[in-house]
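Read-outs throughout are calculated quantities, based only on the coordinates presented, and are distinct from any laboratory measurement. Values in this document were obtained by computation on a predicted structure and should not be read as measured data. All Cβ positions, glycine included, derive from the backbone under ideal geometry; neighbour counts span all protein chains shown.
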Amino acid sequence: MKPHVALLASPGMGHVIPVLELGKRLSTHHNLHVTVFVVACDNSLQQTSQLLNSTNHENLLDILLLRSGDISGLVDSDASIVTKILVMMRVSLSSLRSAISAMKCRPTALIVDLFGTEAMAVADEFNMLKYVFITTNAWYVATSIYAATVDKKVLDEHTNQKLPLKIPGCTPVRFEDTIEPLLYRNDAVFYWYIRLGMDMTTADGILVNTWEDLESKSLGALRDTKMLGRIAKAPVYPIGPLARPVGPPPVSRKDAVLDWLDKQPTESVIYVSFGSGGTLPAKQMIELAWGLEQSQQRFIWVVRPPSDHDASGSYLTADNGSAGFSDYLPDGFLKRTHNVGLVVPMWAPQAQILGHPSVGGFLSHCGWNSTLESIMNGVAMVAWPLYAEQKMNAAMLTEELRVAIRSKVWPSERTVERDEIEMMVRRIMVDKEGLAIRNRVKQMKNSAIKASSEGGSSYNSLSQVAVDCETSLQCLKAMAQGG
Ligand code: UDP
């Protein structure tokens, strides 16, 4: 009998997509029986169901939807998206418990994503191993664990005096790049964040969507008992990159965006997208539209209605926002650019777009899944971080890995004007600089493929998790037989 593991994904495409990829890898590379629990709220249900149907073609996974129902009575309507997701996760715990209890073949391990750490208590109740899967990178893990355990004075210096957060053994986090919850010291989101950092240290292991060669410094610090290893306690397993693979297009493919891409020259198109929920202020949208037009480069832009208050405004919704293009794009923009550009409302087949040979650049909000999808397809980036840990990701991409360029000031601080946007697009798509960056990304892609292939560092790391699940199964069997 194969060891059985259960995975728990919180609402939002940025979590569900990598959790499903992890499930597929555990099933195909490591021969485990995998059940994935996916928490969905009413707003995200339709989009989540579509994703699940399109992902599980080969029936590699058992997938169970846990509906969080209506949480409006439990949380203020203006609470942060993180608070809302965590409340949804909390109300789903009883369904998770019932579902596990009803299983004939109990899973030996529960792997939860970042927002699911409260469910580790359910794993304890059923004597299961418990792992946290961080869908972003090791620098984030190091920052969270350090922030959760360090003296309050150090956090005050960082957020009030704007000094860098000096994490032992890691690149310091500059104030202007810092992770969003640290800026809201009096909001529930700060306390959630600290608790999530603490929770990580109580797991049997922390799985991270990264690989050794990409983040050797942060990974080394997390393991070194003279540095973060002393507080991280849990072993850290870099198991990435887990990104949706792009196979050859099906013969019957029907997608207007991909058909349009087929007609464009190699590496001539810049793809512009802000993840599953990112939105821009109205004024910024106008500048972006003009910047793209002035650059005279081909583009695909995934457009959502503007929001002046909340950069993660569409995170759990998939409303069709096409109706009002003319309300928020410059007059005549669509007409003037119709030969070179495509504007897609709300959602586009991103993995296939980035995997298409006509795409050479990606203006991205630097969500970690988007970042990995770009690297895995050798696409150079313009970093445009908006919220959460995206400024840290963007700093890493532009300064350490040098696979992206950036605006002078982060877009979340000041409107980036059309001339600067025009220049960034041309730098990445036309100039020699863009070519050099593309070459670097392609080298990084090769190191990622090596890490994930049989015998590679990420492959071996995940094998270790699979072995621990097998060992736990044998122990449980021996106990059941009174051994
Ligand atoms: N995505 C997509 N189409 C879109 C927008 C996003 O397929 O129009 C996918 C994208 O490929 C990635 C995920 O949604 O896998 C977004 O995750 P990421 O970590 O980049 O950002 P988040 O949405 O969590 O901010």
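Just how far, in whole angstrom, is the range 391-421 from the range 354-384 if you go by their alpha carbon centroids?
14 Å
Nearest 10 degrees is fine. How inclined is helix 81-101 to the longest principal axis of the chain, computing both from alpha carbons?
Approximately 40 degrees, to the nearest 10.
What is the fewest-to-most order of 418, 67 by other Cβ atoms lying within 10 Å of their Cβ?
67, 418
Quick one: length gained pulling residue 102 to residue 460 fully straight, 0.36 nm per residue minus the C-alpha distance?
125.6 nm
Within the range 102-203, list the chymotrypsin sites (Phe, Trp or Tyr not before Pro) lying in a DSSP loop whose Cβ has at most 16 other Cβ atoms in a 10 Å radius.
Those that pass, being in a loop and sparsely packed, are 126, 184.
Where in the range 79-97 is the amide nitrogen less than 12 Å from a point lying 7 Å along the Cα-to-Cβ axis of residue 126?
Hits in the range 79-97 for residue 126 at 12 Å: 94-97.
Taking Cα centroids, how far is the range 448-483 from the range 257-273 in Å?
Centre-to-centre distance over Cα atoms comes out at 41 Å.
Residues with beta-carbon under 15 Å from that of residue 470, excluding residue 470: net charge, scoring Lys, Arg +1 and Asp, Glu -1?
In short, +1.
Which percent of the Cα-Cα distances in the range 335-409 go past 19 Å?
Of all Cα-Cα distances in the range 335-409, 38 percent exceed 19 Å.
Near the amide H of residue 136, under 5 Å away, which other amide H atoms are found, from residues 5 or more places off or on another chain, if H is placed in the peptide plane?
209
Please report, in whole Å, how far the alpha carbons of the chain spread along each principal axis, starting with the longest.
The Cα atoms of the chain stretch 76, 58, 49 Å along the principal axes, largest first.
At 0.36 nm per residue, minus the direct Cα-Cα distance, what do residue 198 and residue 453 gain on full extension? Give it in nm, one decimal, please.
88.6 nm
Before anything else, pin down the relative contact order of the chain: Cα pairs under 8 Å, at least 6 apart, normalised by residue count, whole percent.
In percent, rounded to a whole number, it is 15.
Assuming R0 = 35 Å, what is the FRET efficiency of residue 149 and residue 43, from their Cβ-Cβ distance, to the nearest 0.05?
Efficiency, rounded to the nearest 0.05: 0.50.
For the range 123-133, take each phi angle, set θ = phi - 60°, evaluate the Karplus expression 6.51 cos²θ - 1.76 cosθ + 1.60, and give the result in whole Hz per residue in order, putting x for glycine and proline.
The phi angles translate into 4, 4, 4, 9, 6, 9, 5, 10, 10, 9, 10 Hz.
List the residues of the range 446-462 whose backbone N lies under 16 Å from a point placed 7 Å from the Cα of residue 471 along the Cα-to-Cβ direction.
Under cut-off, by backbone N: 460-462.
I need the phi-derived Karplus couplings for the range 207-214: 6.51 cos²θ - 1.76 cosθ + 1.60, θ = phi - 60°, integer Hz, Gly and Pro marked x.
So the Karplus estimates, Gly and Pro as x, are 8, 10, 7, 8, 9, 3, 5, 6 Hz.
Quick one: Cα centre-to-centre distance for the range 21-68 and the range 96-152, in angstrom?
Using only Cα atoms to place each centre, the spacing works out to 17 Å.
For the chain, what is the mean residue ellipticity at 222 nm derived from helices alone (per DSSP H run of n ≥ 4: -39500 (n - 2.57); sum divided by total residues; nearest 500 deg cm²/dmol)?
Value at 222 nm, helices only: -13000 deg cm²/dmol.
Can you list residues from other chains, or at least 5 along the same chain, whose modelled amide H is less than 5 Å from the amide H of residue 36?
Those lying under 5 Å, H to H, from residue 36 are 7, 62, 63, 64.
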